[in-house]
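The values are calculated or read from the model by the stated rules, or taken from the named source; none is laboratory data. As the structure is a computational prediction, the values presented were derived from the model and not from experiment. Every residue, glycine among them, receives a Cβ derived from its backbone with ideal geometry; neighbour counts consider all protein chains shown. Surface accessibility is based on the protein's heavy atoms, side chains included, excluding ligands, DNA and RNA. Shrake-Rupley method; radii C 1.70, N 1.55, O 1.52, S 1.80 Å.
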Amino acid sequence: MGIICKSVSLTLLALLCFTSSVFTLGVNQPGSAPFHGLPDLTLPSPPPIKAPIKLPTLPPTKAPIKLPTLPPAKAPIKLPAYPPAKAPIKLPTLPPAKAPIKLPTLPPIKPPVLPPVSPPKLNRTLVAVRGLVYCKPCKYAGVNTLIGAKPVKDAVVRLVCKNKKSSISETKTDKNGYFMFLAPKTVSSYAIKGCRAFLVKSPDAKCSKVSKLHGGDKGAYLKPVMKPGPSSVIINKLKYAMFNVGPFAFDPACPK
């Protein structure tokens, strides 16, 4: 608005000065016609004044945001100075690997043909049986133990073999209670599974009940003699395989 007013004022002032100059020149020049009056000056119409532009109303300015006060920055941590890195070790260049050698294909090996193996020959021998017979004291009657037992002389022991041909053999003990008898020649060392040894009779009526010790009452199996003792014996130029049974025992007839 102020700029427009100044422009109009300057225009009017310039026009006034121009009119004054023309008027002065017409009066003062010689031979000029007498001035009868002021010329008819028509001032130009000023352009219409535009309405003032209404500026937009801005919202009130917000209060400045107060930034938080940060703590003082810590001094930078000084990193340790490391020694310069060594140059990488250059590995030696290996020559290219050779192609694997292809082994020749051999024909399949045929297993050797072995001659038939004949079964081993069985060394059959005759059978001899040995053992001991005792009489237990009254303290241990009915107990399977030989503590305090005494040997029995002339006790009868029987060997029964039930194989293809059944056989029965009997013998008596000596003064040490020891017995040994020879099985019939029909019984070999490979046919003793069917043989049993029994304690049969005592010469002492006060100690005559056959105990269950080592199967003397129901028949004991024959057990081969293991080394280091002799496992065989020669009798009348014949070889006999030695087997053990027992020891057997009689229970005494003790007073109640």
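The table below gives the values:
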item	result
Probe 1.4 Å, all protein chains present, accessible-area order of Arg196, Arg158, largest first	Arg158, Arg196
Rounded to the nearest 10 Å², the accessible area of Tyr190 at probe 1.4 Å	120
Reduced Cα scattering model of the range 79-176, Debye log10 I(q)/I(0), q = 0.13, 0.25 Å⁻¹	-0.89, -1.33
Fraction of alpha-carbon pairs over 21 Å apart in the range 126-251 - percent	38
The range 126-251: relative contact order as a whole-number percent, Cα under 8 Å and 6+ apart	34
Computed label-point distance, nm, for sites Leu91 and Thr125 using a 7 Å Cα→Cβ extension	7.4
Label-point separation in nm, Val143 to Leu10, each point 7 Å along Cα→Cβ	15.3
Efficiency of FRET from Cβ geometry, Asp204 and Asn176, R₀ 25 Å, rounded to 0.05	0.95
Cβ-based net charge around Phe181, under 11 Å, with every Lys or Arg adding one and every Asp or Glu removing one	+2
FRET efficiency estimate (nearest 0.05) - Cβ-Cβ, Lys212 to Val156, R0 25 angstrom	0.90
C-alpha center-to-center spacing [the range 171-204, the range 211-256] in angstrom	7
Length added when fully stretched, Lys62-Val233, from 0.36 nm per residue minus Cα-Cα	48.4 nm
